[in-house]
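Working notes for the structure below.
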Amino acid sequence: MATQQDIARTAGVSVAVVSAVINGTTHTRMSEATRARVIQAMESLDYQPNQAARSLRLNRTGMIALILHKLDNPVYAHLLRGVYGAAAERGGTVLLGDAETMRSGSQFVTRLLSHGTVDGILIRDDRLFDDDVMAELRSHPKPILTLDYAQDHPWVGIDDCRAGEIATRFLLNLRHRRIVFIGGATGHAFRQRYLGYQQEMQQAGLEPAPHLATGFGEQAGADGLRQALQLPAAPTAVVVNNIMSAVGVLAAARDLGIAVPDQLSVVGIHDVGLMEHLRPAVTAVRMPMYELGRAGVHGLYELMAGRPCTGGIITDPEPELVVRDSATALTDA
């Protein structure tokens, strides 16, 4: 069985550096390259830390909780990879929970926080919980970090406004002028995506259409397109707030006899592998979800160590346009 001394020799570092990587501490100075070299040595030697002893020494369980809304949402795939990977690098494990189970009167929160089950909690969006649930979460001395903007506790997020800008600018460059924003609700991320759309339209000297906040998922996309077609000037292009709603837009367009992209161009925010296999394949703005997961874990470990989390919006990498087949230039502009 490999020891910390074995890892130190393999990585060419001191045992203190190896211990700092394993325990997630930052008082030992090291570069990211050194940290990566230690992690690679741990993996090559199949090092398994003694979690029981480590938990007793640090008064930690080594487990963090990640609470998401609708675990079957494929948008979370890269986020989960980032969270699991970053936690594993620190010798931790992840307890995954669905916000649907965290309602007032349920025992989930009590079981989660009692008996020292977890050391900290990541939440994708605390607005998914009612006041009683959030009050119970905050009543326990466990750090909470939100993977989205939050006013009253630490957070780290992605640049939703930039995503709305990128999607809208792409369509404007294709000479579309009647562009509508479909889907989402009233949360911060969705307002920011609409704000990005709004700003690009105004910069182009155009009047933004009202936000058709029809919600999430395929049905929301279908409902949003039908509402858009009732506007005084029917759109030639749509920005869809979340990528799964873009599936509903495509389905409704087909049902209504609207050809995509010849009669209607579609760009979705977020990207999942499914979009490449639809016909037409959907142009999307890919968000840095993997990096969000990693940043969330690193920030939470800072809080767990009693240090402040700088947090904020991830700017590197920024949202990236993935051009496929669902949008084309307007020929009669």
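The values are calculated or read from the model by the stated rules, or taken from the named source; none is laboratory data. Here the structure is a predicted model, which is why all the values come from computation and not from measurement. No Cβ is skipped: glycine too gets one built from the backbone with ideal geometry, and neighbour counts run over all protein chains shown. Keep in mind that these areas ignore ligands, DNA and RNA; they rest on the heavy atoms of the full protein, side chains included. Shrake-Rupley method; radii C 1.70, N 1.55, O 1.52, S 1.80 Å.
Just a yes or no: is a residue in region 254-269 open to solvent by 10 Å² or more (accessible area, probe 1.4 Å), without any contact (Cβ under 8 Å) to a residue 12 or more places away in the chain and under 23 Å from residue 160 (Cα atoms)? No - not one qualifying residue is present in region 254-269.
Screening the candidates 146, 101 for the property of being touching a helix residue (DSSP H, G or I) at 6+ places or on another chain (Cβ under 6 Å), modelled with pLDDT of 65 or more and over 30 Å from residue 238 (Cα atoms) yields one hit, 101.
Criterion applied to 76, 84 was being at pLDDT 85 or above, within 30 Å of the chain's Cα centre (by Cα), farther than 25 Å from residue 307 by Cβ and of a type in the set (Ser, Thr, Tyr), and the one residue passing it is 76. Of 311, 273, all but one fail to be small (Gly, Ala, Ser), in contact with a Pro (Cβ under 8 Å, 6 or more places away or on another chain), modelled with pLDDT under 95 and closer than 21 Å to residue 195 by Cβ; the exception is 311. Which of the following residues is without any contact (Cβ under 8 Å) to a residue 24 or more places away in the chain and either open to solvent by 50 Å² or more (accessible area, probe 1.4 Å) or in a loop (DSSP other than H, G, I, E, B) (or both): 208, 232? Of the residues listed, the single one that is without any contact (Cβ under 8 Å) to a residue 24 or more places away in the chain and either open to solvent by 50 Å² or more (accessible area, probe 1.4 Å) or in a loop (DSSP other than H, G, I, E, B) (or both) is 232.
For region 173-204, the set of residues classified as open to solvent by less than 10 Å² (accessible area, probe 1.4 Å), modelled with pLDDT of 95 or more and either part of a loop (DSSP other than H, G, I, E, B) or not hydroxyl-bearing (Ser, Thr, Tyr) (or both) consists of 176, 179, 180, 181, 182, 193, 196, 201, listed by residue number. Within region 1-12, take every residue that is open to solvent by 30 Å² or more (accessible area, probe 1.4 Å) and part of a loop (DSSP other than H, G, I, E, B) and give me the one that is farthest from residue 38 (Cα to Cα). Across region 1-12, the extreme among qualifying residues is 1.
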